[in-house]
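Structure record follows, encoded as structure tokens.
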Amino acid sequence: MSALLSLLLDNPTVLGVGAAIVVALGWGLRQRLAGERAERTRQAAAEAAARDIASQIQNDIGALPPAAARKELKSWARD
């Protein structure tokens, strides 16, 4: 067993291939994490925009007199 291990660790080609595999796996993991981070940032921006729109709608509804609000809401209700 130690002879096989010695053969593998002393061979520069095997070491080079092993190093290339480790580097490729590390790069792939880094790219995956960067993509995840970018997607979370994009979703956070979309949620913030949706909260702003919801807040504007609440402010608009709150500014209406009760009779006008009921009239507006009747257009959304089923008959």
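Hey, any hits in the range 5-14 for a residue that's free of Cβ contacts under 8 Å to residues at least 12 places away in the same chain, part of a loop (DSSP other than H, G, I, E, B) and either out of contact with any Asp or Glu (no Cβ under 7 Å at 6 or more places or on another chain) or surrounded by 10 or more Cβ atoms within 10 Å (Cβ to Cβ) (or both)?
Kept after step one, since they are free of Cβ contacts under 8 Å to residues at least 12 places away in the same chain, are these residues of the range 5-14: 5-14.
Filter again for part of a loop (DSSP other than H, G, I, E, B), leaving 11.
Still in the list and also either out of contact with any Asp or Glu (no Cβ under 7 Å at 6 or more places or on another chain) or surrounded by 10 or more Cβ atoms within 10 Å (Cβ to Cβ) (or both): 11.
The answer is yes; a qualifying residue exists.
Within the span defined as the range 26-48, one or more residues are under 30 Å from residue 5 (Cβ atoms), without any contact (Cβ under 8 Å) to a residue 12 or more places away in the chain, among the small types (Gly, Ala, Ser) and in a helix (DSSP H, G or I). For the range 58-69, the set of residues classified as out of contact with any helix residue (DSSP H, G or I) (no Cβ under 8 Å at 6 or more places or on another chain) and at pLDDT below 85 consists of 60, 62, listed by residue number.
The values are calculated or read from the model by the stated rules, or taken from the named source; none is laboratory data. Predicted model, so just to flag it, every value in this text is computed and none were measured. Every residue, glycine as well, gets a Cβ built from its backbone with ideal geometry; the counts of neighbours run over all protein chains shown.
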